[in-house]
Amino acid sequence: MSKSKPEGLPPQAEAAWDYPLFDAIMGRRSRRFGLGMEMESGPFQYKSDKEPVGLNDLETAMLVAAATATTGPILAETTLPGGMVKTIGKPYPSAMGSHRARLFFTNDHGVYVVNADQAKMTKMREYEDKSDREKILGFYDNFVQKLDDGRMDLPGKEPGVWPHNQWVTNKPGTTMFMPVVDVTKDMIKLILNLCDSKAGRYAGEGGGYFIVDDRNGMRPCGNQKWVESGFLSRKKVMTLSRLEKILADGMLAEGAFMSQLIALAMQASGIGGWVYGGFSSTVVLGGTPTCRGLGFRFIQSKTDPFPIPIGRDGVFEAFCPPNYETMSDAVDAALAGATMKMEEWEARGMLKPHTAPNHEFDAATVQASPEGIQCVKDICTYIYDTFGKFPATQDPIQLSLFAQAHHLDLDFYDKHMKPGAYSEIHKNHFRDWYGTEMPQTRAEGD
């Protein structure tokens, strides 16, 4: 799209914006068969006689905005709001306001990442009225970064894609959205909240949680001296594998929320597609000798036979070595700004959502004590030194879902499905978005 100032949304995009919420929810379906596709086996065999047509920039911008656009400041109306109030609201919820789910996507033209964390907020409700809607065009222009030319390489067979999804995944004309999640920052913050009894976040009375290594005889995770000093409580035991499972479950939900928002936006705009798994995240993130995938870097851990994804250099990196020299350095980076005062955040352009005076807010929301930070460093260093990776039982970078978008071949549904398999919005999509009733038919012999 043009970098010049937009002049409002086109009418087809306005119609999608105004689509009734519950109609989108109840009308959401997995609609897999797109233009140019072929299903060679099973009860629904069909070969499309239409050319594949990829999503245009406006369609893509609508889906990207539904998942990642700035919505305004996080309210964080809790007894201990802490750093949450100093982050930017997004359409999906995020544990502790970290927003460490990064949306990547690929289409016929390239591989892209949405740098939504770089966006600023301008008012309490970023999309307060109809005149604000054009902001999604600027959001797309400014924060979508092209990483590679051409569609992402992904083998159409195992181990990249499982057999039942090979006929449909990453085909010409499709756009594959991939919410990639980094769990390391939230792991560090969660350990801080559980252990730092002086900051009073989650630790509660009687000291912080005593994290033990249940894979190595329930021994202390580098935190024995903190138990002996009373900073951590012997009575409040948390196993490392349980802690990391709780963390990963919550973090992966962010990608699921993003995918569902994309699916609802597809329904509202008459675009086909679906949310699914059935692929190897290792191959998608890092590729194989014959395909590049998303270009993430991997390390080999002494305790894990499989390669460990740690990020794509300069694009999205986990808070762990070798991205940082030590785990202590990684903790410092993850917690940067944790003790910063509200007026310092305001000076950086943060929009304060509450009316409480800064000095009252700061006094009531202690972020971290020096002892708490050192305790976290000791625990995280133990994990990395013991397991050769951080976290111990989870990958630093994870991907569990695709949200694939494509234009539907309605002839397939007319042949194989009962009326109601698609809506009037789908039926009229090309008329409304492209000014034509039907996409081009393949040339004879194709």
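The values are calculated or read from the model by the stated rules, or taken from the named source; none is laboratory data. If you're wondering where the values come from, they're calculated on a predicted model, not measured in any experiment. Glycine gets a Cβ as well: all are built from the backbone with ideal geometry, and neighbour counts include every protein chain shown. Each accessible area value is taken on the protein alone, full model and side chains, heavy atoms only, with ligands, DNA and RNA left out. Shrake-Rupley method; radii C 1.70, N 1.55, O 1.52, S 1.80 Å.
Would you mind giving the three semi-axes, in whole Å and largest first, of the ellipsoid equivalent to the range 104-166 according to its Cα gyration tensor?
The three semi-axes for the range 104-166 are 34, 13, 10 Å.
For residue 418, which lysines qualify as cross-link partners when the Cα separation must be under 17 Å and same-chain residues fewer than eight apart are set aside?
427
Quick one: what are the phi-derived ³J(HN,Hα) couplings along the range 105-115, Karplus 6.51/-1.76/1.60 with θ = phi - 60°, whole Hz, x for glycine and proline?
With the stated coefficients, the range 105-115 comes to 8, 9, 9, 5, 9, x, 10, 9, 10, 9, 8 Hz.
Pop a pseudo-label 7 angstrom from the Cα along the beta-carbon direction at both residue 237 and residue 340 and give the gap in nm to one decimal.
Roughly 4.0 nm, to one decimal.
In the structure shown, do any of 185/236; 120/352; 185/302; 50/157 have a Cα-Cα gap over 20 Å, and if so which?
Over 20 Å Cα-Cα: 185/236; 185/302; 50/157.
For the range 137-193, how big is Rg over Rh, using alpha carbon atoms and the Kirkwood form of Rh?
Checking Rg against Rh, the ratio lands at 1.13.
Between residue 359 and residue 246, what is the label-to-label distance in nm when each label sits 7 Å out along the Cα-to-Cβ direction?
Inter-label distance under the simple model: 3.7 nm.
For the range 378-433, build the charge dipole from Cβ charges (+1 Lys, Arg; -1 Asp, Glu) around the Cα centre, then report which of 382, 404, 419 sits farthest towards its positive end.
Farthest along the dipole direction, towards plus: 419.
Measure out, as a whole number of angstrom, how far apart the alpha-carbon centroids of the range 137-178 and the range 202-239 sit.
So the two Cα centres are separated by 44 Å.
As an exercise, identify the trypsin sites (Lys or Arg not before Pro) in the range 11-40 lying in DSSP coil whose Cβ has no more than 13 other Cβ atoms within 10 Å.
Here no loop site has a sparse enough neighbourhood.
In debye, nearest 20, what is the charge dipole magnitude of the chain about its Cα centre with +1 on Lys and Arg Cβ and -1 on Asp and Glu Cβ, if you could check?
840 debye
Over the heavy atoms of residue 19, what accessible area does a 1.4 Å probe trace out, to the nearest 10 Å²?
Here the accessible area works out near 50 Å².
Rounded to the nearest whole Å², what accessible area per residue is found for the range 389-438 with the 1.4 Å probe?
For the range 389-438, the per-residue accessible area is 45 Å².
Please check: in the Gaussian network model of the chain (C-alpha springs, under 10 Å), which one of 298, 44, 430 has the largest mean-square fluctuation.
Per the Cα network of the chain with a 10 Å cutoff, 44 tops the list.
For residue 348 and residue 41, what is the calculated FRET efficiency with R₀ set at 60 Å and r taken between the beta-carbons, to the nearest 0.05?
E(calc), rounded to 0.05, equals 0.60.
Sequence-distant or interchain residues sharing an amide H contact under 5 Å with residue 72, placed H: which?
Hits under the 5 Å cutoff: 89, 126.
Could you name the aspartates and glutamates whose alpha carbon sits less than 20 Å from that of residue 415, not counting residues in the same chain fewer than 8 places away?
Hits, sequence-local ones excluded: 38, 40, 49, 51, 424, 437.
Please give me the summed charge of the neighbours of residue 404: other residues whose Cβ is under 15 Å from its Cβ, Lys and Arg +1, Asp and Glu -1.
Every neighbour counted, the sum reads +3.
Per-residue HN-Hα couplings for the range 127-132, Karplus 6.51 cos²θ - 1.76 cosθ + 1.60 at θ = phi - 60°, whole Hz, x for Gly and Pro?
Ordered by residue, 3J(HN,Hα) equals 10, 7, 8, 4, 5, 7 Hz.
Taking the Cβ of residue 148 as the center, what net charge do the other residues with Cβ under 12 Å away carry, scoring Lys and Arg +1 and Asp and Glu -1?
Result for the local shell: +2.
Going by average Cβ density within 10 Å per residue, which order do the peptides 123-132, 247-256, 161-170, 371-380 take, highest to lowest?
371-380, 247-256, 161-170, 123-132
Over the chain, with a Gaussian network built from C-alpha contacts below 10 Å, which listed residue (415, 389, 90) shows the highest mean-square fluctuation?
415
For the chain, which whole-number percentage of the solvent-accessible area (1.4 Å probe, protein heavy atoms only) is attributable to carbon and sulfur atoms?
Answer for the chain: carbon and sulfur cover 52 percent of the accessible area.
Once each part is reduced to its C-alpha centroid, what is the distance from the range 247-272 to the range 321-342 in angstrom?
Cα centroid of the range 247-272 versus Cα centroid of the range 321-342: 30 Å apart.
Using modelled amide H (1.01 Å from N, peptide plane; none on Pro or chain starts), what sits under 5 Å from the amide H of residue 239, excluding residues fewer than 5 places away?
When sequence neighbours closer than 5 places are left aside, the close amide H contacts are 212.
Using θ = phi - 60° and the Karplus curve 6.51 cos²θ - 1.76 cosθ + 1.60, what whole-Hz ³J(HN,Hα) does each residue of the range 344-359 get, with Gly and Pro shown as x?
With the stated coefficients, the range 344-359 comes to 5, 5, 4, 5, 8, x, 5, 8, 7, x, 10, 9, 5, x, 4, 5 Hz.
Could you work out the local net charge near residue 175, counting Lys and Arg as +1, Asp and Glu as -1, over the other residues with Cβ closer than 9 Å to its Cβ?
-2
What do you reckon, how do 39, 327 stack up by accessible area (1.4 Å probe), largest on top?
Descending accessible area places them as 39, 327.
Of 223, 323, 358, which has the largest mean-square fluctuation in a 10 Å C-alpha GNM of the chain?
358
Under 5 Å between amide hydrogens, which residues at least 5 positions from residue 34 or on another chain qualify, with H placed 1.01 Å from N in the peptide plane?
409
Can you list, bin by bin at 5 Å, the percent of alpha carbon pairs in the range 1-160, starting at 0?
In order of increasing distance, the bins hold 1, 7, 12, 16, 17, 16, 13, 8, 5, 3, 1, 0, 0 percent.
Take every Cα-Cα distance within the range 128-271, group them into 5 Å bins from 0 onward, and report for each bin the whole-number percent of pairs it holds.
Bins of 5 Å from zero give 2, 7, 10, 13, 13, 11, 9, 9, 9, 10, 6, 2, 0 percent of pairs.
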